[in-house]
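Step one of this worksheet: look at the structure below.
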Amino acid sequence: MSSSGQNDADEFRAAFEDGPGGYRRELIEQVRDNDQSLTHLELSSFVQLLNPLQWRLIGRYVARNTHLRVIGLGELTDQYMPHLFSELPKCPHLVDLRVRPQQLYFGREGIESMIPFLRNSCKLAKLSIVNNARVDDECFRLIVGALNGGGIERLVMAACGLTDITALRNCTLPNLKVLDLGTNRISAGLSALEHLDTLEGLRLSNNDIGLEQCIELSGLLRNPNTSLRKLGLRSSKLCDESIEALAGALKHNSTLKELDLEGSSIRVGERGYLALLRLLNDVSSIDRTYNSNHTLVTVKLPYSASNPEATRMKKLFGWALDVNNRCEGKPRNKAGQMKVLQSQLSSIGRKNICLVQGVEFASTGSILADIDSCLLPNVLALVGRSPKYGRDELFNALVETAPDLMALIDRKALMENLLSRKMAQIAALTAEADSLSSRLRLLEVGVEGQPSTKGGADGDLSTSEGDHKPGVKKMRRC
């Protein structure tokens, strides 16, 4: 063993001889020895038993370990974190760091000691700092600043003391896919989320999210480059206006699949439910139905007082979600076609949903009259192909849209074309009649393309009715 190795072993024995016993000491020794079988180090259960020297040694062992991928830390304070991270300026192989205190907490000083580690750990993809009210907005600013331009994919800072996330505006997180900021007191800076194009999951549950915050979130939802698939706003302060703002932003969103609005502390009324229903299936026109949101497949609705109107809305809302689910993975126009068929081109279905949405009911034919005449044949063909609606709806539609179908015909052009064809036929018949007349005149004068048989003037034999005998051939004179 080299002198450095011997010194390291001696230092380990001196530091941990009276420290954590049994398997805990063996675990730290595995880290020191770079044991390839150890990829997940969990220190949460005994960190309170470690002294500053032991933390420094653990930091040193982790920094040079090439097999660790996940580290879990628990009870850390501002007193001990600097000792750990002073020996841990980077960990090039670490992928996931989890800090979850239960009783002892760290604040800004502890976070500041982590900054070199966060900046230099190039493979760090997941960072979780939770259950620590001392981690405030300044801590958040320091953390996202250290992660700026890095490879972080999942950032969890839930149950902390955050109120403002404006710091995100000045950061580029090109690989961030999941951001969990649930159970804070966030009410400011949500517009800073707008530029996070790679973000797929955003959890803001149990925060101070109301109308103003929903309007700020609209920027992210309207962003044509957004990748957001899941949005969690559970247990927020949502009202009818908040829901209307979100529904308006989602009208043309084609990425969000899951929306959690459950548990709002403010009761959402019929206006909010109506906004969500119209988002998924707006029957004010066929065009709006066809271009409704067909992407959402899971929506957890906010609490609403139970009444017949709300019950009807929830039923229709559930039906629209079911259509989106059935058409998931299929061409986007498939869900649009199904919604048009069942809520526009079905008289009964249209009547029910118009009543709920406050839209004046009109028969199927009258609705089709609003469509560009050039599209009517395709729409009617769609009705005719549907086994559920079939001939009755098709007949009703044809009866009332006949004038629109006839309007497709250019009558002048039609008559000119017909006249041209008839004139061509007349010309052909006239030519044929003239040919027949000419032949008839030739027959009358005894010439039709060959010498005449009358009078024998050219010396040909002629036959007469009187001297002709069957089977006897008249011979030409020599």
Within the stretch 86-95, tally of residues that are surrounded by fewer than 22 Cβ atoms within 10 Å (Cβ to Cβ) and either of a type outside the set (Asp, Glu) or part of a helix (DSSP H, G or I) (or both): 6
Run down 143, 215 and say which single residue is β-branched (Val, Ile, Thr) and either in contact (Cβ under 8 Å) with a residue 60 or more places away in the chain or open to solvent by less than 10 Å² (accessible area, probe 1.4 Å) (or both). 143
Please identify the pairs in which a residue from the stretch 340-363 that is in a loop (DSSP other than H, G, I, E, B) has its Cβ atom under 7 Å from the Cβ atom of a residue that is basic (Lys, Arg) and open to solvent by 10 Å² or more (accessible area, probe 1.4 Å), counting only partners at least 6 apart or on another chain. 361/351
Test residue 320 against the criterion of being outside any loop (DSSP other than H, G, I, E, B) and in contact with a Leu (Cβ under 6 Å, 6 or more places away or on another chain), and give yes or no. yes
Tell me which residues, restricted to the stretch 210-228, are more than 20 Å from residue 188 (Cβ to Cβ) and of a type in the set (Val, Ile, Thr). 226
Find all pairs meeting these conditions: Cβ atoms under 6 angstrom apart; at least six residues apart or on different chains; first residue within the stretch 118-135 and at positive phi; second residue open to solvent by 80 Å² or more (accessible area, probe 1.4 Å). 131/100
Residues (closer than 15 Å to residue 215 by Cα and open to solvent by 40 Å² or more (accessible area, probe 1.4 Å)) located in the stretch 236-268: 237, 241, 244, 251
If you go through the stretch 192-212 one residue at a time, how many are open to solvent by less than 40 Å² (accessible area, probe 1.4 Å), assigned to a loop (DSSP other than H, G, I, E, B) and touching a Lys or Arg at 6+ places or on another chain (Cβ under 8 Å)? 5
Has the stretch 146-156 got any residue that is within 30 Å of residue 213 (Cα to Cα), assigned to a loop (DSSP other than H, G, I, E, B), of a type in the set (Val, Ile, Thr) and open to solvent by 10 Å² or more (accessible area, probe 1.4 Å)? no
When you go through 5, 72, 19 one by one, which is the residue that is open to solvent by less than 70 Å² (accessible area, probe 1.4 Å) and either at pLDDT 90 or above or among the aromatic types (Phe, Trp, Tyr) (or both)? 72
Pick from 127, 104: which is assigned to a strand (DSSP E or B) and either open to solvent by 10 Å² or more (accessible area, probe 1.4 Å) or in contact with a helix residue (DSSP H, G or I) (Cβ under 8 Å, 6 or more places away or on another chain) (or both)? 127
Which of the following residues is closer than 16 Å to residue 238 by Cβ, part of a helix (DSSP H, G or I) and open to solvent by 40 Å² or more (accessible area, probe 1.4 Å): 288, 271? 271
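The values are calculated or read from the model by the stated rules, or taken from the named source; none is laboratory data. No experiment lies behind these values; they were computed from the predicted model shown. Neighbour counts run over all protein chains shown; Cβ positions are idealised from the backbone, glycine included. With ligands, DNA and RNA removed, areas are computed over all heavy atoms of the protein, side chains included. Shrake-Rupley method; radii C 1.70, N 1.55, O 1.52, S 1.80 Å.
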